[in-house]
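This report concerns only the one structure given below.
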Amino acid sequence: MNSNFSRNPVLLIHGIFRKSGIFYKMSAYLTQLGWSVYTLNLSPHWGNASIDELAQQIADYIDKTFAPEQPLDIVGLSMGGLVTRYYLQRLGGINRVQRFIAISSPHSGTWMAYTLWGKGCVQMRPGSAFLEDLNRDAVLLEKLNFTSIWTAWDFIIVPASSSQISAAKEVKLSVFAHAMMARHSSSLKAVAEALSEPLKINN
């Protein structure tokens with residue numbers, strides 16, 4: 001990794017049921033490599049808030065925490081990837097975020113979302129109006145350095161291939177189970193590599 005690489009601040013966005021503590025290994029790992037790492041706790045985090053409501057919390061946090069001219073990189077885990085996408089595609093985040101990394105995010109939904117009835121869970125069901133709308137202009141994300149990291153051994157994102165999205169560079173890992181994607185060594189390495197990639201020319 002180039003030690004002269006100019007690193008943007010990195011904001012880590014957690015998914016459903018979790019809080020920012022899920023990133024304790026990733027945060028320490030990236031900090032050790034020289035990044036300034038930020039996290040926030042989305043609330044409520046049980047899937048009963050809509051994804052667009054949670055995305056507004058990201059927008060508010062960024063506006064409060066960073067100078068307007070400060071570019072950012074965002075890592076979104078699981079539902080956090082969809083929350084981040086809404087911020088990027090609908091709330092103007094695409095104009096300041098340069099790298100976006102989604103980890104095990106259900107871009108095409110997950111059948112597990114049928115087990116709960118919160119607003120966010122309904123939005124994550126395959127074929128939902130929310131996902132249909134968000135995926136209609138997913139090509140916008142090609143403006144960014146967009147990486148989707150996923151594993152076939154994911155039993156929360158069902159099918160696991162829902163984490164694939166054509167707008168992203170795909171990184172498929174052999175990591176067992178959804179929860180490990182936030183802390184497995186291969187995941188941490190993949191995130192650091194994605195955060196280190198040269199920006200696309202249109203950035």
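Calculated on the Cα set of segment 1-101, radius of gyration then Dmax: 13.2, 43 Å. Global size of segment 1-53: 13.7, 43 Å for Rg and Dmax (C-alpha atoms, Rg to one decimal, Dmax whole). Expressed as a fraction of 2.2 N^0.38 Å, the C-alpha radius of gyration for segment 100-153 is 1.21. If you count Lys pairs in the chain whose Cα atoms are under 28 Å apart, skipping same-chain pairs closer than 8 places in sequence, the total is 21.
Here the extension length gained between Glu53 and Ser186 equals 44.7 nm, from 0.36 nm per residue of separation less the Cα-Cα distance. The heavy atoms of Leu173 offer some 20 square angstrom of accessible surface to a 1.4 angstrom probe. The alpha-carbon atoms of segment 57-128, seen along their principal axes, cover 41, 19, 16 angstrom, with the largest extent given first.
Express the relative contact order of the chain as a whole percentage, based on alpha carbon pairs under 8 Å and six or more residues apart in sequence. Taking the mean separation of contacting Cα pairs over the length of the chain, I get 20 percent. Think of a 1.4 Å ball rolled over the protein heavy atoms: the chain then has 45 Å² of accessible area per residue.
Semi-axes of the equivalent ellipsoid for the chain, please: Cα gyration tensor eigenvalues, times 5, square-rooted, ordered largest first, whole Å. Provide the component values of the computation, followed by the final result.
Working: eigenvalues 111, 70, 54 Å².
Largest first, the chain gives 24, 19, 16 Å.
The value obtained for segment 84-203, namely the Cα convex hull volume divided by the number of residues, is 99 Å³ per residue. Between Glu132 and Gln164, the modelled labels are 2.3 nm apart [label points 7 Å from Cα along Cα→Cβ]. Given a 1.4 angstrom probe, I'd like the percentage of the accessible area of the chain that is carbon and sulfur, rounded to a whole number. Carbon plus sulfur share of accessible area: 54 percent. Here the translational diffusion coefficient of segment 141-181 follows from Stokes-Einstein with Rh set to the Kirkwood radius across Cα pairs; for 4 °C and 1.567 mPa s it amounts to 123 µm²/s.
The values are calculated or read from the model by the stated rules, or taken from the named source; none is laboratory data. Small disclaimer: the values here were computed from a predicted structure and weren't measured. A quick note on method: Cβ atoms are made from the backbone with ideal geometry, for glycine too, and the neighbour counts reach across all protein chains shown. Heavy atoms of the whole protein, side chains included, go into the accessibility calculation; ligands, DNA and RNA do not. Shrake-Rupley method; radii C 1.70, N 1.55, O 1.52, S 1.80 Å.
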